[in-house]
Amino acid sequence: AHWETKKLQWLLREPLKNGISPATSESATVPTFSIAAVRSGVVNIRPHLKLADGEPSALTSFLVKPRDIMVMRGSGSIDYVGTCGLIVDEPPAGCIYPDILIRIRLNRMMVEEFFVALLNCPRVRPQLVTAARTAAGIWKVSGASLSGIRLPVPPRTEQGRILDSLATGL
């Protein structure tokens, strides 16, 4: 009864941002990763690392850091659109994220792990499926649609207790 319901846009520290996918070449030096890095609520960059071309100074707005949330904005399967993961490990220096992902940086209203569990849960999926559109067999959700998703926002202390319960399987 004391939980709030808010649109995602009110939980953000900064606007949602799509990634970038510069071309790759033999001389590429900018670290990036494939979308396969986003699995089971975690973004595991190092096993999926690749190198892209680009001037690092022009790519600073696409840098990733620990606690960033990466949302799959497109997939051939509706089941993967809108799923997300949290970057928990320190990414390689200068690492950027691909254009098929949307970066989320939350404000203090929500714990990142709680947000990831919430966005990946079956109760929120219908909103993501409704927001997704298909073109040429690829399902996509836009940042604008994602911003309008309504989420329950319990107090941070309760978010922590819920995460503890999820971790112990209760």
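Couple of notes before you dig in:
- Average Cα contact separation per residue, the chain, under 8 Å, 6 or more apart, as relative contact order %: 30
- Distant-in-sequence amide contacts of residue 106, defined by a placed amide H-H separation under 5 Å and a gap of 5 or more residues or a different chain, comprise 13.
- Karplus (6.51, -1.76, 1.60) ³J(HN,Hα), θ = phi - 60°, over region 50-57, in Hz, Gly and Pro reported as x: 8, 10, 10, 7, x, 8, x, 5
- Of the residues 111, 128, 93, the one whose Cα sits farthest towards the positive end of the charge dipole of region 86-143 is 128 (charges of +1 on Lys and Arg Cβ, -1 on Asp and Glu Cβ, taken about the Cα centre).
- Segment residue 80-residue 7, length gained on full extension (0.36 nm per residue, minus Cα span): 24.2 nm
- Amide H contacts of residue 120 (H built 1.01 Å from N, under 5 Å, at least 5 apart or other chain): none
- Candidate lysines for bridging to residue 17, where Cα separation is under 19 Å - those fewer than 8 sequence places away on the same chain excluded: 7, 65, 140
- Taking every alpha-carbon pair under 8 Å whose residues sit at least 6 apart, region 69-109 reaches a relative contact order of 49 percent.
- Only helices enter this figure: runs of n ≥ 4 DSSP H residues, each worth -39500 (n - 2.57), summed and divided by the residues of the chain, yield -5500 deg cm²/dmol at 222 nm to the nearest 500.
- Region 31-170: C-alpha gyration tensor shape, a/c 1.5 cut-off, then a/b vs b/c: oblate
- Backbone amide hydrogens, once placed in the peptide plane, bring residue 39 within less than 5 Å of 44, excluding anything fewer than 5 places away on its chain.
- Extension gain, residue 49 back to residue 130 (0.36 nm per residue minus Cα-Cα distance, nm): 26.0 nm
- Sequentially through region 83-100, phi angles give Karplus couplings (6.51, -1.76, 1.60; θ = phi - 60°) of 6, 8, x, 10, 7, 9, 9, 5, x, x, 4, x, 6, 10, 10, x, 5, 7 Hz, Gly and Pro residues having no value and appearing as x.
- Mean sequence separation of contacting Cα pairs (under 8 Å, at least six apart), scaled by the length of region 1-70, corresponds to a relative contact order of 31 percent.
- For region 1-100, the dipole from Cβ point charges (+1 on Lys and Arg, -1 on Asp and Glu) about the Cα centre works out to 320 debye, to the nearest 20.
- Between residue 27 and residue 65, the FRET efficiency from the beta-carbon distance, with R0 = 25 Å, is close to 0.45.
- Rg to Rh, two decimals, where region 121-170 supplies the alpha carbon set and Rh follows Kirkwood: 1.14
- Cα-based reach from residue 6 at 17 Å (exclusive), listing lysines while leaving out same-chain residues under 8 positions away: none
Since every read-out is calculated from the coordinates, none of them should be taken as a lab result. Predicted model only: the values in this text are computed from it and were never measured. Positions of Cβ are generated from backbone atoms using ideal geometry, with glycine treated the same way; all protein chains shown enter the neighbour counts.
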